[in-house]
Amino acid sequence: MMNNNTLTYSTDALNILNQFEEVAFIVYVEGEDDILFWEARFSEHTAERTTFEIIPTGGKDEIYKKVEQVVQNNVRIIIALDRDYSDFESLKLSHARVIRTYGYSIENTMYCPRVLNNIIRKRLRKQQLNKIDAINAWYNDFVSDIEDLLIYDIVMQTKDLSIEVCGDNSARFLKNHGKSPRIDKNKISKKIIEDCCTFSREHIVSTKLSLSKFEKPYRFLVRGHFLTSAVRNIMSEMIGSLGNTSFSNENIYENTVDSCLKKCRCEDYKYLKNSITTAVKSLNLAEKKI
Ligand SMILES: [Zn+2]
């Protein structure tokens, strides 16, 4: 097939695209990295005989064009995309077939404490090991240490300011030259003083207010990529010298991309299960006899 990234289909063409692909439905995702993640979830939450194809759009702008087509024209495709900071935006396009991640992005689901605990158990070959409380405690400290930075990052994103606040890598804010899983609060303060002094007081106060009403644990709010270095470091620390460790970002991806499934019954799992079931149901596949 042609490179989907460069194709712009009309509404009518999108409505029958699945027939050309000989599948029950099409799921559009943002990038290549998202395919395995969504494939695992759709496989688990749809009937065994239901076929689907996952197509990356190649970027945020592209996927938002597809979201508009679904919201405005009720197009028969499913979109699965990152939530980002959309909870803090006044206008959010919603539709049964537009599925957003439970947290900021797919990584927030992939780094579920139960998933991380499973990796540690496997590495240490200790089935009974339970580090979930310790992982949650680490997460709580981590998000509490970056809370101020998060507020500025949300302001930056929702007010379209072109200043990098959190960025995609937390290593520069971590202790021990980026090798610790813990935040160096001095580095956070320095960053805020240096780069965020021009932010409007009013925007900061209103974001703080929205944040106080945010009902999920704050770890779901942090940019997924920002979490990666810190997650990698906490895993290495918990496995310690026993496990012949050192995780790369690729290891973390491979080990977590198709997890937070099956035995995981966390809120994130339940939310995605419900979202996928609702999206697929809205296609009325049985009635259409596809
Ligand atoms: Zn989970």
Can you give the convex hull volume of the alpha carbon atoms of the chain per residue, in Å³?
144
State which helices in the chain qualify, where a helix is a whole DSSP H run, it must extend 24 Å or more along its own axis by its Cα atoms, and its mean Kyte-Doolittle hydropathy must be at least 0.0.
132-158
Electrostatic dipole magnitude of the chain [Cβ: Lys, Arg +1; Asp, Glu -1; Cα centre; debye, to 20]
1200
Rounded to 0.05, the calculated FRET efficiency for the beta carbons of residue 144 and residue 281 at R₀ = 45 Å is 0.70
Could you pull out the longest piece of the chain with no exposed loop GluC sites (Glu not before Pro) in it, calling a site exposed if DSSP puts it outside H, G, I, E, B and it has at most 14 other Cβ atoms within 10 Å?
216-290
What lysines does residue 179 reach when the alpha-carbon gap must be under 21 Å and sequence neighbours fewer than 8 apart in one chain are set aside?
131, 187, 190, 191
Applying 1/(1 + (r/R0)^6) with R0 = 22 Å to the Cβ-Cβ distance of residue 172 and residue 198, what FRET efficiency is obtained, to the nearest 0.05?
0.55
For segment 1-149, alpha-carbon Rg and Dmax in angstrom
18.5, 54
For segment 63-189, what mean projected area does the convex hull of the alpha carbons give, in nm²?
10.4
With a cap of 16 neighbouring Cβ atoms within 10 Å, and only residues DSSP puts in a loop, list the trypsin sites (Lys or Arg not before Pro) found in segment 55-134.
92, 125, 126
I need the Kirkwood Rh of segment 113-258: take the reciprocal of the average 1/r across all distinct C-alpha pairs and report it in angstrom.
16.4
Need one number: nm distance between label points at residue 266 and residue 94, each 7 Å from Cα along Cα→Cβ, rounded to one decimal.
2.3
Assuming R0 = 51 Å, what is the FRET efficiency of residue 71 and residue 237, from their Cβ-Cβ distance, to the nearest 0.05?
0.70
The chain: relative contact order in percent, alpha carbon pairs under 8 Å with at least 6 residues between:
23
5 Å is the cut-off here: which amide hydrogens, built 1.01 Å from N in the peptide plane, fall below it relative to residue 54, excluding neighbours closer than 5 in sequence?
27
What residue among 18, 251, 36 has its Cα farthest toward the positive end of the dipole of the chain, where the charges are +1 on Lys, Arg and -1 on Asp, Glu, each on the Cβ?
251
Between residue 215 and residue 186, the two model label points (7 Å from Cα along the beta-carbon direction) sit apart by a distance in nm of 4.2
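Bear in mind these aren't lab numbers, they're just calculated from the coordinates by the rules spelled out. This one's a predicted model, so the numbers in the text were calculated from it and none came from an experiment. Here Cβ is always computed from backbone atoms with ideal geometry, including for glycine, and neighbour counts include all displayed protein chains.
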